[in-house]
1. Only loop residues by DSSP count here, and only those with at most 12 other Cβ atoms within 10 Å; note down the GluC sites (Glu not before Pro) in the stretch 1-103 that meet that.
2. Given a 1.4 Å probe and every protein chain left where it sits, what share in percent of the accessible area of the chain is carbon and sulfur?
3. Regarding the stretch 25-124, what are the three Cα extents along the principal axes, ordered largest first, in Å?
4. Under the rule of at least 5 residues apart or a separate chain, name every residue whose amide H is placed under 5 Å from the amide H of Ser33.
5. Over the chain, average the accessible area per residue using a 1.4 Å probe and give it in Å², no decimals.
6. Which whole-number percent gives the relative contact order of the chain, counting Cα pairs below 8 Å spaced six or more residues apart?
Amino acid sequence: LLFTGGVGTGKTFFAACIVNEVIERGVMAVMTSLSRIIRTPFEEYDSALALIERAALVVFDDLGAERDTSFAWERAFDAVDARIKSKKPVIVTTNFTPDEMAKATDIREKRIYDRILGACVIIPVVGQSIREIEHKKKIDIAREILTGK
């Protein structure tokens, strides 16, 4: 699955709900970000990739938030490619639209996005940012406290 949509619309929440249900059923699932994989220490990297290949379900959260360096793109590609080659379920969340991913011009991005678009069913997640809604509620509560109304 590829959950796409604006910031705060619930993509990560939905992915986490799926992961939690899978884990509750006793099945191995991993939820991580490519940024975290990129920061994995060298001596732990092979083990991290093996886990990505071995898990019954992997979620790559917030695709596109990783650093824009050759090293980061190489590690991100390795992780995505390892998972896709495992032919096991993967969920990806991103703020990018499928069209933006398909139109990427940087070859490093294209290699990753092409694999994801080819492997995933696209699920648009639309709506107002939950964080924005919660912020407005907090403002209303503060206003009531401060004005006594």
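The values are calculated or read from the model by the stated rules, or taken from the named source; none is laboratory data. Every value quoted in this text rests on a predicted model; they were computed, and no experiment measured them. For neighbour counting, all protein chains shown are included, and Cβ atoms are generated from backbone atoms with ideal geometry for every residue, glycine included. SASA here: full protein model, heavy atoms, side chains in, ligands and nucleic acids out. Shrake-Rupley method; radii C 1.70, N 1.55, O 1.52, S 1.80 Å.
1. Values: sites: Glu21, Glu24, Glu43, Glu44, Glu53, Glu66, Glu74, Glu100; in loops: Glu66.
Listed in order of number, the matching sites amount to none.
2. On the way: 5210 of 9020 Å².
Heavy-atom surface of the chain belonging to carbon and sulfur, 1.4 Å probe: 58 percent.
3. Ordered largest first, the stretch 25-124 gives principal extents of 37, 31, 20 Å.
4. For Ser33, whose amide H was placed from the backbone, the distant partners under 5 Å are Asp61.
5. Values: 9020 Å² over 149 residues.
So the chain comes to 61 Å² accessible per residue, rounded to a whole number.
6. Computed over the chain, the figure is 36 percent.
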